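Before any comments, here is the structure.
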């Protein structure tokens, strides 16, 4: 029986929206947004979308009209009543009413601000400038839209049957990864793959696969919409944009050096428990930890997001020991460039020495490598970053020089201020 | 949107029929039926379904009530008008009106005769006794029903998600086989997998995969219903039941020795071209070819269905050469226990020396090996054979002693009459 109504309904869509909800975003964006809304609401920030994989010429692949339609659609979204209820009523990390009433009111009235789109040299230049708590909400939908429009452009060349085999293969591949993960005792792993997902539906499928395959070992997803619909935990804490903007706003080198700690001091006031996660690598992990105030050693854990992850974790363990903390009570979250073998290796090495957790991103939600001719569905390195704050450029160094962003002169200044020595480059996969 | 009507409709089914059409059967059954209807219509034959894989206790797995419902449903089927039109109007092997009006009339009025079902020792004993042209039509539906009920019994233990991953894996596996087949130039291959298919829908999917993946190199399917629906060629010629029954009806050893040639003499009168395929192994290929009349060497080709296939093909080539025929103009169809590696090996060896074609069966339509715990979906060796004719037992020897059927005394007599020497056993996979 053909469901004629559904078929007709599908055909009369003007577009097939990629982002259909304001909470189809990462949970940490909401946490950070609340913090910014409270502490730095009037900062003017510019976010810019950058394709680090220059060989993929997005402007040749993706029609500008379609891109604008998708972005415009996001601007038409408002928080739905059910979404508001879920955010207000849910327990996150065991805490009720994590979102304050004034912030919820802001969020319920939020519409995303205008975007600026240009084509240049086969790439799209997509920027968002405005009040920080508003423009920062563009990051995830903008990334998800570009990623999925690229998927759709490639998928449009395939026959119906080829599509079926493609997804059969992708499902098989993901399930085989999950079967390997099942062999690890006491694994804790979450989905961090919203931003570079193949598509919304595929991320949703991947999450269901993790739920079914890993049970309690799957601790949740960073995606609020999927967390809500699948009735699982929303996961996340904070990201580089906070220290990057705080740093850009610093007036002196002395203020600059203190900026990353200032971020965490503000965070410390607001949150406790599992939300007290240090992201130490924005301007080099070694220097950050060496100069950190003692109260930071009391935090729950550290997220390792660049550089060699084992080195980062060993550094953290030594730091805790130096500060008289028991590393076995501390949480280390690995979230950079993970796939199953790397997860297994890190789990073997650190399991028992610290509490280990994994935020699995692109190779959970977008591993279509080798599945179409020309590898046209391989994931690529698309980022959307705060590039300036109140007119001043932002800088990120990280523990991998290949991931540094910002004007060269500013990078040099930051390297001097934060006393960053020699760093070894790690290939950026995704 | 949930299609409520479809869902309600599905739920009100009394059963989900496995065989929904009288032409959901192998094309050669219809060809043989027409021949029998013309030459031996009043022979009383008993067909019996035998599970050669005793370790799979079908009567423990499959509910007797469900089995009866499925068999009863087949008895309610009649040739539909569209099916009759397709059989009358279609071109088979380039020939129009292959089915005579009197046979079509018989077929249009056919309802399958009663069955006899008993449980014994964890197995079902399922027999069909009656007029040969009627009972012989039970073979394929009976096999397909038992195979699919067993699949369903195992699938019923899986969750919704496990089912999806299962089929994703099976699809991926089959597609990878097809990709290997694509590398073989001038391949000719057909689906012969109706009788031991995982399910009807899966066979239909496999056929679509072959169409999309192999194009012209996929020459068709033995399944008439799928051939009709997918608008491809129906493939097949004749099978062991003809010589087995003719042999059982022989009154003397001399008549017995001539029975296999008598079958082909009857066939010779009716058919030409690609339908003149010799199936030489019923009582041993060597002896059959040695004693064959010269006109048989003029036939189009030979189907190799037991024993070592390369040996069988070499025997055929030598025979043609001895009879002054050019083997490069002859067709060899391999149809026993094939999978991709074996197909590749035989193709490499015989391509160019003869015209090579493959009838790919169980490992096309039922390769779920290793895909569920306990390997509960692995194919198994279920056969449905004519076991007696006019009260006399039938015998099959084949080129593999592991495949011999019939009473021991009769097997011994046949081995003597047909002068079958030492045979080497080949494992029967499926």
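Read-outs throughout are calculated quantities, based only on the coordinates presented, and are distinct from any laboratory measurement. This one's a predicted model, so the numbers in the text were calculated from it and none came from an experiment. Counting neighbours? That spans all protein chains shown, and the Cβs are built from the backbone with ideal geometry, glycine included.
Of the residues A:207, A:245, A:340, the one that moves most in a GNM of chain A with alpha-carbon contacts below 10 Å is A:340. Computed over the range A:1-150, the quotient of the alpha carbon radius of gyration and 2.2 N^0.38 Å is 1.19. Seen from every direction in turn and averaged, the convex hull around the alpha carbons of the range A:275-430 projects onto 10.9 nm². The Kirkwood hydrodynamic radius of the protein assembly as shown, based on inverse pair distances between different Cα atoms, is 31.6 Å. Legend: P(r) of chain A from all alpha carbon pair distances, 10 Å bins from 0, whole percents, reading 4, 21, 33, 28, 11, 2, 0, 0.
Panel order for A:228, A:244, by other beta carbons found within 10 Å of each beta carbon, from fewest to most: A:228, A:244.
Placing a label point 7 Å from the Cα of residue A:425 along the Cα-to-Cβ direction, the residues of the range A:322-339 whose backbone N falls under 19 Å of that point are A:337. Compared with the dominant principal axis of the Cα atoms in chain B, helix B:27-39 is inclined by about 50°. As a size descriptor, the averaged projected area of the C-alpha convex hull of the range B:1-78 was calculated at 8.8 nm². In the elastic network of chain B, a GNM with C-alpha springs shorter than 10 Å, the most mobile of B:30, B:163, B:338 is B:163.
Under 10 Å, Cα contacts only: if you run a Gaussian network model on chain B, which one of B:161, B:380, B:288 comes out with the highest mean-square fluctuation? Comparing B:161, B:380, B:288 in the GNM, the peak value goes to B:161. With Cα atoms as the point set, the range B:73-227 shows a radius of gyration and Dmax of 18.6, 51 Å.
Return the Rg/Rh ratio of the range A:143-248 with Cα-based radii and a Kirkwood Rh. With Rg and the Kirkwood Rh in hand, the quotient comes to 1.04.
Remark on the range B:56-128: hydrodynamic radius 14.9 angstrom, per the Kirkwood mean of 1/r across alpha carbon pairs. Shape class for the range B:107-194, computed from the alpha carbon gyration tensor (a ≥ b ≥ c): oblate, with a/c not under 1.5 and a/b at or below b/c. Taking the DSSP beta bridges with both ends in the range A:105-247, the antiparallel portion is around 55 percent.
Between copies, the label points at residue B:344 (set 7 angstrom from Cα along Cα-to-Cβ) are spaced 2.6 nm, reported in nanometres from shortest to longest. Applying D = kT/(6 pi eta Rh) to the range B:20-59, where Rh is the Kirkwood radius over alpha-carbon pairs, T corresponds to 10 °C and eta to 1.306 mPa s, the Stokes-Einstein value obtained is 122 µm²/s. Counting only alpha carbon atoms, the long axis of helix B:160-182 and the longest principal axis of chain B meet at about 30°. What is the angle, in °, between the Cα long axis of helix A:309-322 and the longest principal axis of the Cα atoms in chain A? Nearest 10 is fine, range 0 to 90. For helix A:309-322, the angle is close to 30 degrees. One chain, two ends: residue A:38 and residue A:254. Fully extended at 0.36 nm per residue, the span grows by 75.3 nm beyond their Cα-Cα distance. When the alpha carbon gyration tensor of the range B:244-289 is reduced to an equivalent ellipsoid, its three semi-axes come out at 20, 13, 7 angstrom, largest first. Which whole-percent values make up P(r) of the range B:135-183 when all C-alpha to C-alpha distances are grouped in 5 Å steps starting at zero? The distribution over the range B:135-183 is 5, 17, 14, 15, 16, 16, 12, 5, 0, given as percents.
In nm, one decimal, shortest first: how far is the label point of residue A:8 (7 Å from Cα along Cα to beta carbon) from the matching points in the other copies? Those label-point separations list as 1.9 nm. Across every direction, the projection of the convex hull enclosing the Cα atoms of the range A:278-369 has a mean area of 5.9 nm².
So for chain A, averaging the separation of alpha carbon pairs under 8 Å that are six or more residues apart and normalising by length, what relative contact order in percent results? Relative CO of chain A lands at 21 percent. Entry note, chain B: the mean residue ellipticity at 222 nm calculated from DSSP H runs of n ≥ 4, each adding -39500 (n - 2.57), is -13500 deg cm²/dmol after division by the residues and rounding to the nearest 500. Shielding of peptide A:203-211 by partners, expressed as the average count of other chain Cβ atoms within 10 Å per residue Cβ, is 1. Counting, for every residue in B:355-366, the Cβ atoms of other protein chains within 10 Å of its Cβ and taking the mean gives 0. Shape analysis of the range A:349-430 based on the Cα gyration tensor places the equivalent ellipsoid semi-axes at 29, 21, 13 Å, largest first. Between this copy and the others, label points of residue A:96 are 8.3 nm apart in ascending order, each placed 7 angstrom from Cα in the Cβ direction.
Using all pairs of distinct alpha-carbon atoms, the Kirkwood hydrodynamic radius of the range A:171-233 works out to 11.8 angstrom.
So what is log10(I(q)/I(0)) for the range B:203-303 at q = 0.11, 0.12, 0.14 1/Å, when the Debye sum runs over its Cα atoms only? Those come out to -0.45, -0.52, -0.65, one per q. Summary of packing: across the peptides A:172-178, A:330-336, B:78-84, the per-residue average of other C-beta atoms within 10 Å ranks them, highest first, as A:330-336, A:172-178, B:78-84.
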